[in-house]
Amino acid sequence: VIRCRAAVAWAVGKPLSVEEVEVAPPKAGEVRVKIVATGICHTEKHVLEGSFPNVHFPVIPGHEGAGIVESIGEGVTSLKPGDKVIPLCIPQCGECTFCLNPESNFCLKSHLYEPQNLMPDKTSRFTCKGKQIHHFLWLSTFAEYTVIPECALAKIDAAAPLEKVCLFGCGFPTGYGAAINTAKVKPGSTCAVFGLGGVGLSAVMGCKAAGASRIIAVDINKDKFAKAKELGATDCICPHDFKKPIQEVLTEMTGHGVDYSFEVIGRADTMTAALASCNMSTGVCVMVGVLDSGSAISVDPILLLSGRTWKGTLLGGWKTRESIPKLVSSYMEKKFKSDLLITHTLPIAKVNEGIELLCAGK
Ligand code: NAD
Ligand code: ZN
Ligand code: ZN
């Protein structure tokens, strides 16, 4: 058993509390990982507010990390102590019907199909003050050590800087893949990205890499515009600067709406605005933002009858175990500017400050 620090969410709506926890050794098919760095994605906020589906408290959150294998359980063959890894919020078991389908990245071992609050044998590897603590998405990267099933770990380049490539656990591949894989943005096309957090800025990078000729970035926080321009946005607009709805503004700016729109905020009103912003006949709208679990949105079906396509994406559509290491290798070849997404670096003791910075749009 390893004793280390972890940020524990004891109950819905409470700030995280940094505690000493015990981390049991990995059982068969599991791997114990020393987490070196973790990013903070907006989804953590949903978890702390209790609006992410099927999370059980107390829980150790965190899903955008990078680390080093400390020990392996029986039967683990693809990883050994010392390997650098990225924990995967969508596993790739390689055996389920979805893994076998080249079109899908939604492994049936994913949390949204079968909750990952406990290890596959339905027990936890974490205890704190004598209480069992739940896992989150099988990852719990807000702990210095965590236990993860082998199928939810990607082995990456031994030279990769973990404090930078932790973003390849969620934010970067999600936004980038939303453009490349889910929307399949074509060269010369027009795009609109709603929301310029880590994920939205990665979608801007994906649109640019795909050769879009116009990328319109939309955010209510104008402080985000300089970085969006640096990463490829050609226009940056703030909905508050217009009297008319933003979908009308975008339609006027482009003639008949953009070819591809992306909602990367997680709000019902911006989801419908993003849908209405794309071309009424051939436009594709990709939903990336996460709405509170149980909430619903209503749209006029005529928006789709005219031909639009409305899609969603989880982790940008990548088949994770095989694709994340390749993305990290491309990063090592300096193909992505993902380092620009890192605004602050804090020790684990200041995890709540990190979440406040995210919520304050900083
Ligand atoms: P973030 O908080 O860093 O960024 C959100 C951005 O949206 C901010 O810049 C904010 O100013 C902007 N915004 C808020 N309200 C707005 C409005 N009304 N109009 C325009 N802009 C507005 O968040 P993030 O970490 O980039 O995550 C974005 C969303 O993506 C979240 O909902 C998160 O849960 C979701 N997400 C989904 C996946 C997936 O696999 N589908 C993966 C990661 C994150
Ligand atoms: Zn995330
Ligand atoms: Zn699978």
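The values are calculated or read from the model by the stated rules, or taken from the named source; none is laboratory data. Keep in mind the model is a prediction, meaning the values are calculated, not measured. Ideal geometry is used to build each Cβ from the backbone, glycine not excepted, and the neighbour counts take in all protein chains shown. Only protein heavy atoms, including side chains, enter the accessible area calculation; ligands, DNA and RNA are left aside. Shrake-Rupley method; radii C 1.70, N 1.55, O 1.52, S 1.80 Å.
Compute the FRET efficiency between Asp121 and Ala159 as 1/(1 + (r/R0)^6), taking r as their Cβ-Cβ distance and R0 = 45 Å, and round to the nearest 0.05.
0.80
When the accessible area of segment 39-144 is split by element with a 1.4 Å probe, what percent falls to carbon and sulfur?
Carbon with sulfur: 55 percent of the solvent-accessible area.
Leaving out ligands, DNA and RNA, and with a 1.4 Å probe, what % of the accessible surface on segment 173-314 is carbon or sulfur?
Here carbon and sulfur together make up 55 percent of the probe-accessible area.
Direction-averaged shadow area of the convex hull around the Cα atoms of segment 53-122, nm²?
6.0
Quick one: which of Lys45/Lys362; Lys311/Lys337; Lys229/Lys337; Lys208/Lys335; Lys14/Lys45; Lys27/Lys326 span more than 19 angstrom between C-alpha atoms?
Lys311/Lys337; Lys27/Lys326
Cut-off 13 Å, label point 7 angstrom out along Cα-to-Cβ of Arg3: give me the residues of segment 112-148 whose amide nitrogen falls inside.
Taking a point 7 Å out along Cα→Cβ of Arg3, the residues of segment 112-148 whose backbone N falls under 13 Å are 128-130.
Quick check for me: using +1 on Lys/Arg Cβ and -1 on Asp/Glu Cβ, what's the dipole size of segment 250-362 about its Cα centre, in debye to the nearest 20?
So the dipole magnitude of segment 250-362 works out to roughly 480 debye.
Can you check what the net charge comes to around Lys27, using other residues whose Cβ is under 13 Å from the Cβ of Lys27 (Lys, Arg +1; Asp, Glu -1)?
Net local charge, Lys27 excluded: -1.
Counting only other residues whose beta carbon sits under 12 Å from that of Pro161, what net charge do I get with K and R as +1, D and E as -1?
It works out to a net charge of -1.
At 222 nm, what helix-only mean residue ellipticity would the chain give, in deg cm²/dmol to the nearest 500, using -39500 (n - 2.57) for each DSSP H run of four or more?
It comes out at -6500 deg cm²/dmol, rounded to the nearest 500.
By its C-alpha gyration tensor, with a ≥ b ≥ c as the square roots of the eigenvalues, how is segment 173-314 shaped: rounded for a/c under 1.5, else prolate for a/b larger than b/c, else oblate?
Judged from the Cα gyration tensor, segment 173-314 comes out rounded (a/c under 1.5).
Decide, for segment 8-142, between rounded, prolate and oblate: order the square roots of the alpha carbon gyration tensor eigenvalues as a ≥ b ≥ c, take rounded if a/c falls under 1.5, and otherwise choose prolate if a/b is larger than b/c, else oblate.
Here segment 8-142 falls in the oblate category.
Could you list the chymotrypsin sites (Phe, Trp or Tyr not before Pro) in segment 88-132 that lie in coil according to DSSP, counting only those with at most 14 other Cβ atoms within 10 Å of their Cβ?
In loop regions of segment 88-132 (DSSP not H, G, I, E or B), the sparsely surrounded chymotrypsin sites (Phe, Trp or Tyr not before Pro) are Tyr113.
Assign one of three labels to segment 3-60, namely rounded, prolate or oblate, based on the Cα gyration tensor with a ≥ b ≥ c the square roots of its eigenvalues; rounded applies when a/c is under 1.5, prolate when it is not and a/b is larger than b/c, and oblate otherwise.
Verdict is prolate for segment 3-60.
Within 10 Å, Cβ to Cβ, of Gly75, how many net charges do the neighbouring residues add up to if Lys/Arg are +1 and Asp/Glu are -1?
Value of the local net charge: -2.
I'd like to check one number: the per residue accessible area of the chain, probe 1.4 Å, reported in Å² as a whole number.
Value returned for the chain: 43 Å² of accessible area per residue.
Out of Ala273, Ala179, Ala158, any idea which swings most in a Gaussian network model of the chain, alpha carbons joined below 10 Å?
Ala158
Can you give the direction-averaged projected area of the convex hull of the alpha-carbon atoms in the chain, in nm²?
17.2
If you take every DSSP beta bridge whose two residues both sit in the chain, what share of them, in percent to the nearest 5, is antiparallel?
DSSP beta bridges in the chain are roughly 60 percent antiparallel.
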